[in-house]
Amino acid sequence: MIQLLLLFTLVPLVELWLLFQLSGVFGFWTTIAVVLGTGMVGAALARWQGWQALHRVQTEMRQGMLPAQAIGDGVLILAAGLLLITPGVLTDVLGLSLLIPPLRKLAMKAARHWFTTHVRVETREFDFGESGQHPPQRETVVDARVIDAHVIEPSGEDSST
């Protein structure tokens, strides 16, 4: 919770400070033009790359393949677009960096690492058949848990205390 509070308070303050610094060096209108220009160009680039990712997802699904890489690219491209329409220098730099395929691949690798260390997926099979039914109907249920030091454990106790 504190991370979100810091994110939504410190990032805008840093962005504002950077905008003031840049406007002092380059001038107010030049700074505004750069922020608006990167936002428009980046949003157009994100839209184009997003359509490409969607096309890859559809192509891979038609071929019977799991489009995990293409979906991951699409999610990161969407995040880049959101960052680019947010006014500011840091968000523009981060958004543009996610539109560069090698940097996006690094971000994907970091996200995959975070998920493997923080999320555990378990599957269990349950019989839903009646007693006279042969063989019983089997369903697979996927259960995912986020592993964090500040979550309430399944036993009902808060692990952070």
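At-a-glance table
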read-out: The one condition in (1) among the aliphatic types (A, V, I, L, M); (2) buried (at least 16 other Cβ atoms within 10 Å of the Cβ); (3) under 26 Å from Val14 (Cα atoms) that Leu82 fails to fulfil; value: (2)
read-out: Residue check for Gly24: under 22 Å from Lys105 (Cβ atoms) and in a helix (DSSP H, G or I); value: no
read-out: Only one of Val41, Val35, Val14, Val57 that is touching a residue at least 60 places away in the same chain (Cβ under 8 Å) and surrounded by 11 or more Cβ atoms within 10 Å (Cβ to Cβ); value: Val14
read-out: Residue count for segment 27-69, restricted to those that are part of a helix (DSSP H, G or I), more than 26 Å from Leu90 (Cα to Cα) and among the hydrophobic types (A, V, I, L, M, F, W, C); value: 4
read-out: Members of segment 87-120 that are surrounded by fewer than 17 Cβ atoms within 10 Å (Cβ to Cβ), at pLDDT below 90 and part of a loop (DSSP other than H, G, I, E, B); value: Pro87
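The values are calculated or read from the model by the stated rules, or taken from the named source; none is laboratory data. Worth saying up front: this structure is predicted, and the values here are computed from it rather than measured. Please note: Cβ atoms are built from the backbone with ideal geometry, for glycine as well, and neighbour counts cover all protein chains shown.
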